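*Asks:* Provided herewith is a single structure, encoded as C-alpha coordinates, for subsequent inquiry.
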Amino acid sequence: CDGMGGHAAGEVASEIAVDVIAQRAPMGPDAEALGAAVEEANLAIIRAAAEGRGREGMGTTCTAAILDGTRLVIAQVGDSRAYLMHGGRIQQLTRDHSLVADLVEAGKITAEEARTHPNRSVITRALGSDPRMQCDLYEMSVDEGDRLLLCSDGLYSMVDDGQIARILQMCPDPQAAADMLAEAAVDAGGDAVVKIDVPAE
(Lines give C-alpha, C1' and ligand atoms only; values in the text may rest on other atoms or scores of the structure.)
Protein backbone atom coordinates (compact mmCIF):
# COMPACT_ATOMS: atom_id res chain seq x y z
CA CYS A 1 0.00 0.00 0.00
CA ASP A 2 1.41 3.35 -1.07
CA GLY A 3 -0.40 6.21 0.68
CA MET A 4 -1.29 9.58 -0.84
CA GLY A 5 -3.04 12.78 0.09
CA GLY A 6 -0.23 14.39 2.04
CA HIS A 7 2.41 12.77 4.22
CA ALA A 8 0.41 12.13 7.41
CA ALA A 9 -2.87 11.31 5.68
CA GLY A 10 -1.23 8.91 3.23
CA GLU A 11 0.35 7.05 6.11
CA VAL A 12 -3.02 6.78 7.88
CA ALA A 13 -4.76 5.48 4.73
CA SER A 14 -2.11 2.86 4.01
CA GLU A 15 -2.03 1.74 7.65
CA ILE A 16 -5.83 1.32 7.71
CA ALA A 17 -5.72 -0.66 4.47
CA VAL A 18 -3.00 -3.00 5.71
CA ASP A 19 -4.78 -3.58 9.03
CA VAL A 20 -8.20 -4.29 7.48
CA ILE A 21 -6.82 -6.57 4.78
CA ALA A 22 -4.73 -8.49 7.33
CA GLN A 23 -7.87 -9.05 9.42
CA ARG A 24 -10.24 -9.85 6.56
CA ALA A 25 -8.12 -11.67 3.99
CA PRO A 26 -8.97 -15.34 3.43
CA MET A 27 -6.65 -18.05 4.73
CA GLY A 28 -6.22 -19.52 1.25
CA PRO A 29 -5.89 -18.26 -2.33
CA ASP A 30 -9.47 -17.06 -2.88
CA ALA A 31 -9.41 -14.06 -5.25
CA GLU A 32 -13.01 -12.98 -4.61
CA ALA A 33 -12.54 -13.04 -0.84
CA LEU A 34 -9.25 -11.15 -1.10
CA GLY A 35 -10.96 -8.58 -3.30
CA ALA A 36 -13.76 -8.23 -0.73
CA ALA A 37 -11.14 -7.55 1.97
CA VAL A 38 -9.57 -4.81 -0.18
CA GLU A 39 -12.99 -3.28 -0.87
CA GLU A 40 -13.74 -3.32 2.87
CA ALA A 41 -10.43 -1.49 3.43
CA ASN A 42 -11.62 1.15 0.96
CA LEU A 43 -14.79 1.76 2.99
CA ALA A 44 -12.80 1.86 6.24
CA ILE A 45 -10.56 4.63 4.83
CA ILE A 46 -13.59 6.65 3.71
CA ARG A 47 -15.19 6.24 7.15
CA ALA A 48 -11.97 7.24 8.93
CA ALA A 49 -11.68 10.43 6.87
CA ALA A 50 -15.32 11.33 7.64
CA GLU A 51 -14.63 10.78 11.37
CA GLY A 52 -11.58 13.04 11.32
CA ARG A 53 -8.86 10.38 11.37
CA GLY A 54 -6.31 11.41 8.77
CA ARG A 55 -8.02 13.83 6.45
CA GLU A 56 -10.53 14.05 3.63
CA GLY A 57 -9.09 13.02 0.29
CA MET A 58 -6.54 10.63 1.76
CA GLY A 59 -6.08 7.37 -0.08
CA THR A 60 -3.72 4.58 -0.93
CA THR A 61 -2.86 2.19 -3.68
CA CYS A 62 -3.07 -1.51 -2.83
CA THR A 63 -1.58 -4.63 -4.33
CA ALA A 64 -2.32 -7.67 -2.16
CA ALA A 65 -1.32 -11.24 -2.94
CA ILE A 66 -1.87 -14.67 -1.46
CA LEU A 67 0.47 -17.46 -2.50
CA ASP A 68 -0.26 -21.05 -1.50
CA GLY A 69 1.95 -23.65 -3.10
CA THR A 70 1.74 -22.91 -6.82
CA ARG A 71 -1.55 -20.97 -6.64
CA LEU A 72 -1.34 -17.18 -6.69
CA VAL A 73 -4.17 -14.65 -6.36
CA ILE A 74 -3.81 -10.86 -6.46
CA ALA A 75 -6.19 -7.97 -5.74
CA GLN A 76 -4.98 -4.60 -7.02
CA VAL A 77 -6.04 -0.94 -7.05
CA GLY A 78 -3.88 1.97 -8.18
CA ASP A 79 -0.40 1.90 -9.62
CA SER A 80 1.49 -0.36 -7.23
CA ARG A 81 2.53 -3.44 -9.18
CA ALA A 82 3.00 -7.18 -8.95
CA TYR A 83 5.78 -8.71 -11.04
CA LEU A 84 6.55 -12.39 -11.58
CA MET A 85 10.04 -13.65 -12.35
CA HIS A 86 9.77 -16.92 -14.26
CA GLY A 87 12.60 -18.69 -16.09
CA GLY A 88 14.84 -15.64 -15.74
CA ARG A 89 12.28 -13.28 -17.30
CA ILE A 90 10.24 -10.67 -15.48
CA GLN A 91 6.62 -9.93 -16.32
CA GLN A 92 4.30 -7.26 -14.95
CA LEU A 93 1.18 -9.10 -13.78
CA THR A 94 -1.01 -6.12 -12.87
CA ARG A 95 -2.26 -3.18 -14.92
CA ASP A 96 -1.63 0.29 -13.52
CA HIS A 97 -4.72 2.38 -12.82
CA SER A 98 -3.01 5.55 -13.99
CA LEU A 99 -3.31 8.28 -16.57
CA VAL A 100 -0.08 7.29 -18.30
CA ALA A 101 -1.12 3.62 -18.49
CA ASP A 102 -4.29 4.74 -20.26
CA LEU A 103 -2.22 6.88 -22.65
CA VAL A 104 0.12 3.97 -23.41
CA GLU A 105 -2.84 1.65 -24.07
CA ALA A 106 -4.37 4.27 -26.39
CA GLY A 107 -1.09 4.46 -28.33
CA LYS A 108 -0.60 8.15 -27.48
CA ILE A 109 2.73 7.66 -25.68
CA THR A 110 5.27 4.84 -25.41
CA ALA A 111 6.01 2.88 -22.24
CA GLU A 112 9.42 4.60 -22.15
CA GLU A 113 7.81 8.06 -22.42
CA ALA A 114 5.46 7.11 -19.57
CA ARG A 115 8.45 6.77 -17.22
CA THR A 116 9.19 10.52 -17.41
CA HIS A 117 5.75 11.90 -18.30
CA PRO A 118 4.77 14.94 -16.17
CA ASN A 119 1.48 13.20 -15.20
CA ARG A 120 3.08 9.85 -14.34
CA SER A 121 1.89 10.11 -10.71
CA VAL A 122 -1.78 10.69 -11.56
CA ILE A 123 -3.74 7.57 -10.68
CA THR A 124 -7.28 6.84 -11.81
CA ARG A 125 -8.33 4.48 -9.01
CA ALA A 126 -7.36 4.21 -5.34
CA LEU A 127 -8.67 3.15 -1.96
CA GLY A 128 -10.39 6.00 -0.13
CA SER A 129 -12.01 7.91 -2.98
CA ASP A 130 -15.12 6.03 -4.16
CA PRO A 131 -17.30 3.77 -2.00
CA ARG A 132 -18.18 1.75 -5.13
CA MET A 133 -14.53 1.18 -6.05
CA GLN A 134 -13.75 -2.31 -7.31
CA CYS A 135 -10.32 -3.88 -7.46
CA ASP A 136 -8.82 -5.93 -10.28
CA LEU A 137 -8.45 -9.63 -9.49
CA TYR A 138 -5.85 -12.01 -10.90
CA GLU A 139 -5.59 -15.78 -10.48
CA MET A 140 -2.77 -17.92 -11.84
CA SER A 141 -0.50 -20.86 -11.28
CA VAL A 142 3.20 -20.33 -10.66
CA ASP A 143 6.12 -22.73 -10.66
CA GLU A 144 8.56 -23.66 -7.93
CA GLY A 145 11.45 -21.21 -8.06
CA ASP A 146 9.37 -18.34 -9.48
CA ARG A 147 9.65 -15.05 -7.62
CA LEU A 148 6.93 -12.56 -6.80
CA LEU A 149 7.68 -8.87 -6.33
CA LEU A 150 5.15 -6.32 -5.07
CA CYS A 151 6.31 -2.72 -5.33
CA SER A 152 5.22 0.90 -5.53
CA ASP A 153 6.13 3.43 -8.19
CA GLY A 154 8.98 4.37 -5.86
CA LEU A 155 10.80 1.38 -7.31
CA TYR A 156 9.66 0.94 -10.91
CA SER A 157 9.71 4.66 -11.77
CA MET A 158 13.38 4.76 -10.73
CA VAL A 159 14.61 1.31 -11.80
CA ASP A 160 13.67 -0.24 -15.13
CA ASP A 161 12.35 -3.79 -15.46
CA GLY A 162 15.66 -5.07 -16.84
CA GLN A 163 17.59 -3.89 -13.81
CA ILE A 164 14.89 -5.23 -11.45
CA ALA A 165 15.25 -8.63 -13.15
CA ARG A 166 19.06 -8.56 -12.86
CA ILE A 167 18.88 -7.77 -9.15
CA LEU A 168 16.37 -10.58 -8.52
CA GLN A 169 18.64 -13.01 -10.41
CA MET A 170 21.71 -11.84 -8.50
CA CYS A 171 20.09 -12.12 -5.06
CA PRO A 172 18.36 -15.41 -4.28
CA ASP A 173 17.66 -14.29 -0.69
CA PRO A 174 14.36 -12.32 -0.57
CA GLN A 175 15.49 -9.76 2.02
CA ALA A 176 18.82 -9.15 0.29
CA ALA A 177 16.98 -8.67 -3.03
CA ALA A 178 14.51 -6.24 -1.43
CA ASP A 179 17.36 -4.27 0.16
CA MET A 180 19.27 -4.09 -3.12
CA LEU A 181 16.16 -2.97 -5.03
CA ALA A 182 15.56 -0.21 -2.48
CA GLU A 183 19.20 0.85 -2.73
CA ALA A 184 19.01 0.94 -6.54
CA ALA A 185 15.91 3.16 -6.38
CA VAL A 186 17.55 5.56 -3.91
CA ASP A 187 20.73 5.65 -6.02
CA ALA A 188 18.58 6.60 -9.02
CA GLY A 189 17.12 9.56 -7.12
CA GLY A 190 14.16 7.99 -5.30
CA ASP A 191 13.41 8.65 -1.65
CA ALA A 192 11.05 5.85 -0.60
CA VAL A 193 10.28 2.29 -1.68
CA VAL A 194 7.69 -0.22 -0.55
CA LYS A 195 8.83 -3.70 -1.44
CA ILE A 196 8.12 -7.34 -0.79
CA ASP A 197 9.89 -10.23 -2.44
CA VAL A 198 8.62 -13.76 -1.84
CA PRO A 199 10.02 -16.87 -3.53
CA ALA A 200 7.44 -19.48 -4.56
CA GLU A 201 8.18 -22.65 -2.62
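The values are calculated or read from the model by the stated rules, or taken from the named source; none is laboratory data. Keep in mind it's a predicted model, so treat the numbers as computed, not measured. Positions of Cβ are backbone-derived with ideal geometry, glycine not excepted, and every protein chain shown enters the neighbour counts. Heads up: the accessible areas ignore ligands, DNA and RNA and are worked out on the full protein's heavy atoms, side chains in. Shrake-Rupley method; radii C 1.70, N 1.55, O 1.52, S 1.80 Å.
*Asks:* When only residues in segment 105-156 that are polar (S, T, N, Q) and closer than 21 Å to residue 57 by Cβ count, which is least open to solvent (accessible area, probe 1.4 Å)?
*Replies:* Result: 152.
*Asks:* Could we say that residue 176 is in a helix (DSSP H, G or I) and surrounded by 17 or more Cβ atoms within 10 Å (Cβ to Cβ) here?
*Replies:* In short, no.
*Asks:* Applying the selection to segment 86-98, what residues are more than 12 Å from the chain's Cα centre (by Cα) and either without any contact (Cβ under 8 Å) to a residue 12 or more places away in the chain or surrounded by fewer than 22 Cβ atoms within 10 Å (Cβ to Cβ) (or both)?
*Replies:* Across segment 86-98, the qualifying residues are 86, 87, 88, 89, 90, 91.
*Asks:* While we're looking at this one, here's another question. Does segment 136-147 contain any residue that is assigned to a strand (DSSP E or B), over 18 Å from the mean Cα position of the chain (by Cα) and either over 24 Å from residue 4 (Cα atoms) or modelled with pLDDT under 95 (or both)?
*Replies:* Yes: one or more hits.
*Asks:* Kindly indicate whether residue 121 is under 24 Å from residue 35 (Cβ atoms) and either of a type in the set (Val, Ile, Thr) or not in a strand (DSSP E or B) (or both).
*Replies:* No; evaluated as a whole, the condition is false for this residue.
*Asks:* For the condition assigned to a strand (DSSP E or B), over 27 Å from residue 19 (Cα atoms) and among the polar types (S, T, N, Q), what is the one hit in 91, 76?
*Replies:* The unique qualifying residue is 91.
*Asks:* For segment 7-53, what are the residues that are farther than 12 Å from residue 128 by Cβ, in contact (Cβ under 8 Å) with a residue 40 or more places away in the chain and outside any helix (DSSP H, G or I)?
*Replies:* 25, 26, 28, 29, 30
*Asks:* Working only within segment 17-47, note down all residues that are open to solvent by 10 Å² or more (accessible area, probe 1.4 Å) and touching a Gly at 6+ places or on another chain (Cβ under 8 Å).
*Replies:* Answer for segment 17-47, where residues must be open to solvent by 10 Å² or more (accessible area, probe 1.4 Å) and touching a Gly at 6+ places or on another chain (Cβ under 8 Å): just 46.
*Asks:* Sticking with this structure for a sec: Against the definition (surrounded by 16 or more Cβ atoms within 10 Å (Cβ to Cβ), farther than 15 Å from residue 136 by Cα and not acidic (Asp, Glu)), how does residue 54 come out, yes or no?
*Replies:* Considered against the rule, which asks whether it is surrounded by 16 or more Cβ atoms within 10 Å (Cβ to Cβ), farther than 15 Å from residue 136 by Cα and not acidic (Asp, Glu), residue 54 comes out as yes.
*Asks:* Between a first residue in segment 153-172 that is outside any helix (DSSP H, G or I) and a second residue that is open to solvent by 30 Å² or more (accessible area, probe 1.4 Å), which pairs have beta carbons less than 7 Å apart while being 6 or more apart in sequence or on different chains?
*Replies:* Short answer, once both residue conditions are applied: 157/115; 157/120; 158/188; 158/189; 159/188; 171/180.
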